[in-house]
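Report on the structure given below.
The values are calculated or read from the model by the stated rules, or taken from the named source; none is laboratory data. These numbers were taken from a predicted model, which means no experiment stands behind them. Don't worry about glycine lacking a Cβ; one is built from the backbone with ideal geometry, like all the others, and counts go over all protein chains shown. Side chains are part of the model used for accessible areas, which takes the heavy atoms of the whole protein and leaves out ligands, DNA and RNA. Shrake-Rupley method; radii C 1.70, N 1.55, O 1.52, S 1.80 Å.
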Amino acid sequence: MGHPQSGQWSDQLDQKYGIWNDIFLNFHDLHRSFSGPNDYGPILFCLDAQKLLTHIEKQNLQLSITKKQPHHWKPNDKDSERWLSSLDGLFPHPAGSEKQAFTSGWPDIVIGGAGTGLPLSMVSRIIIDIHPTVSTFTSQLKSIAENCLKGHGLAPEIYGRKFCKAECKCKKTEHITEKKLGYKYASDGWAKECGKIA
């Protein structure tokens with residue numbers, strides 16, 4: 001729709017395999033999983049799983065789960081090597097287990113045929129990363145998000161990241177260059193579209 005969007009190093013591969021226009025969702029919070037700022041950006045939209053499934057059914061969309069991440073796909077791979085055929089074995093550890101690992105790598109949920117995206121009404125809460133050097137970052141983003149959502153009659157819970165490992169890299173500002181700050185905390189065109197942060 002012409003809105004600014006962060007580029008990803010895997011864009012060319014996604015285009016090659018015909019999944020670049022699909023919607024990718026993660027099973028997990030990348031900030032917590034990798035102990036550092038989320039490469040996808042500072043705003044984490046947490047979706048209501050039941051609302052998501054209902055939307056997929058009503059819109060007749062295709063939901064698939066990768067067996068391995070697409071950047072590990074090879075041109076000659078069969079579909080059975082790329083995609084799960086059942087949920088058996090996806091989560092090898094019981095619910096509530098401290099072990100978060102999946103059976104194999106980091107599977108993605110891929111929604112195909114969406115075209116116009118997913119409605120904001122399925123967002124149950126929003127988590128905003130804390131900026132390592134700008135103290136007002138979270139409050140400013142929260143204000144922007146609240147105003148945008150209010151215009152759509154939506155009011156999900158929005159808060160700054162509360163749970164972070166003590167050794168998380170997001171707290172080690174000496175390791176975060178200005179270039180990395182721009183990459184992890186802003187998208188090209190963000191200031192023009194939404195206003196300068198801080």
Select from segment 53-62 the residues that are among the hydrophobic types (A, V, I, L, M, F, W, C) and surrounded by 15 or more Cβ atoms within 10 Å (Cβ to Cβ) and list them in ascending order. ILE56, LEU61
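Residue by residue through segment 73-100, note down the ones that are modelled with pLDDT under 75 and open to solvent by less than 60 Å² (accessible area, probe 1.4 Å).
Going residue by residue through segment 73-100, those that are modelled with pLDDT under 75 are 87-100.
Answer for segment 73-100, where residues must be modelled with pLDDT under 75 and open to solvent by less than 60 Å² (accessible area, probe 1.4 Å): GLY89, LEU90, SER97.
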Filter segment 33-47 down to residues that are more than 22 Å from MET122 (Cα to Cα) and open to solvent by 30 Å² or more (accessible area, probe 1.4 Å) and give me whichever is modelled with the highest pLDDT. PHE34
Inspect segment 64-72 for any residue being of a type outside the set (Gly, Ala, Ser), exposed (fewer than 14 other Cβ atoms within 10 Å of the Cβ) and on the phi > 0 side of the Ramachandran plot and give the result as yes or no. no
All positions within segment 155-190 that are at pLDDT 80 or above, part of a loop (DSSP other than H, G, I, E, B) and farther than 17 Å from LEU30 by Cβ: ALA155, PRO156
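Given the residues GLN50, GLN5, which is the only one that is within 21 Å of VAL123 (Cβ to Cβ), open to solvent by 40 Å² or more (accessible area, probe 1.4 Å) and modelled with pLDDT under 90?
Details: GLN50 fails: modelled with pLDDT under 90.
The match here is GLN5.
Taking the residues in segment 117-154 that are part of a loop (DSSP other than H, G, I, E, B) and under 30 Å from ASN21 (Cβ atoms) as candidates, determine which candidate is most open to solvent (accessible area, probe 1.4 Å).
Going through the qualifying residues, I end up with HIS152.
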When the residues of segment 9-18 are filtered to those that are modelled with pLDDT under 90 and in a loop (DSSP other than H, G, I, E, B), which remaining residue is surrounded by the most Cβ atoms within 10 Å (Cβ to Cβ)? SER10
